[in-house]
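For reference, the structure is listed below as structure tokens.
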Amino acid sequence: MRRRIPLSEREDYDVLGGFEGNEDLTDDTEFFADRGRVARSAGATLALMVLTAIAFAGGVGWAATREMSVAPGNAVWDIAIHLGFILLCGLLAAAAVIALGMLVVGIPYARHKMAEARSRNADQAP
């Protein structure tokens with residue numbers, strides 16, 4: 001039986017620690033202090049989860065209406081391939097919604113962080 005290592009004795013496996021400039025020097029305490037902003041972020045996350053579930057159901061529904069006969073001699077393989085196609089379409093639809101949601105959220109966030117880094121670097125310039 002494996003012995004559990006206490007957290008105090010575990011090594012820090014920081015994969016990105018070896019890269020230069022890996023420290024995020026921006027201060028996020030202002031964000032977490034604003035409860036309304038945190039609530040809006042949580043609401044956006046829940047909305048993205050609901051949209052993803054709806055997209056998955058829509059992809060499954062669309063794929064289920066498609067008539068496929070890829071293995072007409074073997075009913076088991078025909079059903080298995082059709083179910084795989086249905087699940088794949090649902091997952092692709094959900095992944096597309098998540099990707100679009102991350103672009104909608106990520107692009108403004110990245111622009112904000114870059115502007116903060118530019119202003120910080122401009123303040124440090126001699």
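Scanning the range 43-68 for residues that are surrounded by 11 or more Cβ atoms within 10 Å (Cβ to Cβ) and outside any helix (DSSP H, G or I) gives a single hit, 68. Residues in the range 55-75 that are at pLDDT 85 or above and touching a helix residue (DSSP H, G or I) at 6+ places or on another chain (Cβ under 8 Å): 55, 56, 57, 58, 59, 60, 62, 63, 64, 66. Checking the range 73-95 against the condition returns a match, with at least one residue being closer than 18 Å to residue 44 by Cα and within 29 Å of the chain's Cα centre (by Cα). Looking across the range 86-126 at every residue that is touching a residue at least 40 places away in the same chain (Cβ under 8 Å), under 11 Å from residue 56 (Cβ atoms) and among the small types (Gly, Ala, Ser), the one that is surrounded by the fewest Cβ atoms within 10 Å (Cβ to Cβ) is identified as 96. Residues satisfying the criterion are absent from the range 62-81 (criterion: aliphatic (A, V, I, L, M) and touching a residue at least 40 places away in the same chain (Cβ under 8 Å)).
The values are calculated or read from the model by the stated rules, or taken from the named source; none is laboratory data. Since the model is a prediction, treat every value here as computed from it, not as a measurement. Glycine also receives a Cβ, built like all others from the backbone with ideal geometry; neighbour counts cover every protein chain displayed.
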